[in-house]
Structure formats: C-alpha cells, structure tokens
Amino acid sequence: MQTSDPVRLLVVDDEPHIADLVATVARYEGWQAVTAGSGKAALSRAEEFGPDIVVLDLMLPDLDGFTVLDRLREGGNAVPVVFLTAKDATSDRIAGLTRGGDDYLVKPFSVEELMARLRAVLRRSTGVAHQSAPRGAVLAVGDLTLDEDTREVRRGDRLAELTPTEYELLRYLMRRSPSVLTKAQILDHVWEYDFGGRSNVVELVISHLRRKLDAGESEPLIHTVRGVGYVVRRVHR
C-alpha cells in the first residue's frame, strides 16, 4: 500500500448490519471497503480484493475466524487482522492474539474505537508509526538485530518472523535499551489508545517474542524487571 492510496478494508461478519456499518464508516474516511458474510467468502474476497487490513468475526456460519486467519497465513497472506466478536473471555482474547491477530475488540463496540484501532494497526504494519524518530537504523542488542528499512529481525543468522505488533514492541524496547519500560509506556506507544486496563496483552506479546527470539539461546535478551516492566539488554555475568 502506497501512502497516497486509499486503505482497502475487508469486513467479515455474518451480521449484515454490523458489516455494512463498519464498511460505511470506513468509506466516509476515504477507504475502500468490502464485506463478506462467511469464512469461505472472506477467503475468496481476500484473494480478489487484496485488503490492507481485515476486521474478522470469530463466529461465522461455516469456518470460524481462527480457521480463516490460519488459512490466510498458510497461504502466505500476512494482512493485519483485528478480531471483532461477542466472545469476551480472556482465553478467547489470548487465543486471538496467539493465532496471529493484531488486535481484539468485543461487541458491543464503538465504531470510533474500532477505527482508531484499525489506524493504529495500520501504522504498525506499514512502519509509519512515530515518524519523528529517525528512520533507516539497524538496531542491535547482542546478536539481536532489527533493520528499520527492511523490517527484518534476526537473532544471529536466524530470521524471525514477527507480527506488526511484535515488531513495533521489540523496536520500542530496542530503541530505549538499556532502559526498563513499564507496561503503561508500552501500551501508550505501541497500541496508542486506552486498552481498557488489560495490560496482560503486553505480557502476551512479550511471551511471543521470547519464544521467537530467546528460545534455545544461551543468552536471553528479553528480561522482566519485577514490579517495573521489560527491557531488552545483555546481562553480563
């Protein structure tokens, strides 16, 4: 997506009034928006339309939202996905983010909040968030590197595949290393809106980063400072 092009939004929900409402508001924003009422229709629309971002319900009449996301990822489609669903259990939120979703909003919802979250996810996924920071740097902590031009993250020679949210959180930690960042600082910088006090989303994304970057390594680089927050740094023994 070029910055001058309209955002292409795919809204997947089996309740037509919800799908049409979100699509209509997006069109008022100058976006292009299409809808789908089932999982199979969503996969077909995604292939034809090439969305920049997807709003995805979990409860669909054929494939559930998790299956739709899995099939998108298996097909090599890394489009950012925001879940919009009536399932509000913590386990559902965790599953949504664990499966590769970028955000999770529960019905009933505010359209204004949904659009704010979509814009925040888009900024993370396109790398245009926080443009006041200098661009083009290669950040390094130990053998962990992050290239802001290519958005490649490596631990030694190993390339790590990160979601946009994981990338932006890691980038923030590496830019501020060796400072310790609180959950509140991370939420404010990465998500850019009030997450309703659910700071456990930070813990969840940190755990994903640890599995992708620290697992199997002799020297972990992502650390929890109890009662304070998180930091990426080497700990010299």
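The values are calculated or read from the model by the stated rules, or taken from the named source; none is laboratory data. Small disclaimer: the values here were computed from a predicted structure and weren't measured. Methodologically, a virtual Cβ is constructed for each residue, glycine included, from the backbone with ideal geometry; neighbour enumeration extends over all protein chains shown.
In table form, for the structure just shown:
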read-out: Selection from the stretch 178-216 of residues that are surrounded by 15 or more Cβ atoms within 10 Å (Cβ to Cβ), under 26 Å from Val138 (Cβ atoms), at pLDDT below 90 and not hydrophobic (A, V, I, L, M, F, W, C); value: Gln185, His189, Glu192, His208
read-out: Residues (modelled with pLDDT under 90 and in contact with a strand residue (DSSP E or B) (Cβ under 8 Å, 6 or more places away or on another chain)) located in the stretch 60-78; value: none
read-out: Pick from the stretch 157-177, criterion touching a residue at least 60 places away in the same chain (Cβ under 8 Å) and of a type outside the set (Val, Ile, Thr), ranking: surrounded by the most Cβ atoms within 10 Å (Cβ to Cβ); value: Leu170
read-out: Residue that is modelled with the lowest pLDDT [pool: residues in the stretch 4-33 that are within 19 Å of Ala78 (Cβ to Cβ) and surrounded by fewer than 19 Cβ atoms within 10 Å (Cβ to Cβ)]; value: Asp5
read-out: Matching residues, the stretch 19-56, being touching a residue at least 40 places away in the same chain (Cβ under 8 Å), under 18 Å from Ala116 (Cα atoms) and part of a loop (DSSP other than H, G, I, E, B); value: Glu29, Pro51, Asp52
read-out: Any hit, the stretch 36-52, residues being in contact with a Phe, Trp or Tyr (Cβ under 8 Å, 6 or more places away or on another chain) and not charged (D, E, K, R); value: no
read-out: The stretch 58-78 residues that are in a helix (DSSP H, G or I), paired with ones that are aromatic (Phe, Trp, Tyr) (beta carbon under 8 Å, 6 or more apart); value: Gly65/Phe83
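Residue-wise test of (1) modelled with pLDDT of 85 or more; (2) of a type outside the set (Asp, Glu).
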{"residue": "Lys40", "(1), (2)": "yes, yes"}
{"residue": "Thr85", "(1), (2)": "no, yes"}
{"residue": "Asp88", "(1), (2)": "no, no"}
{"residue": "Arg99", "(1), (2)": "no, yes"}
{"residue": "Arg135", "(1), (2)": "no, yes"}
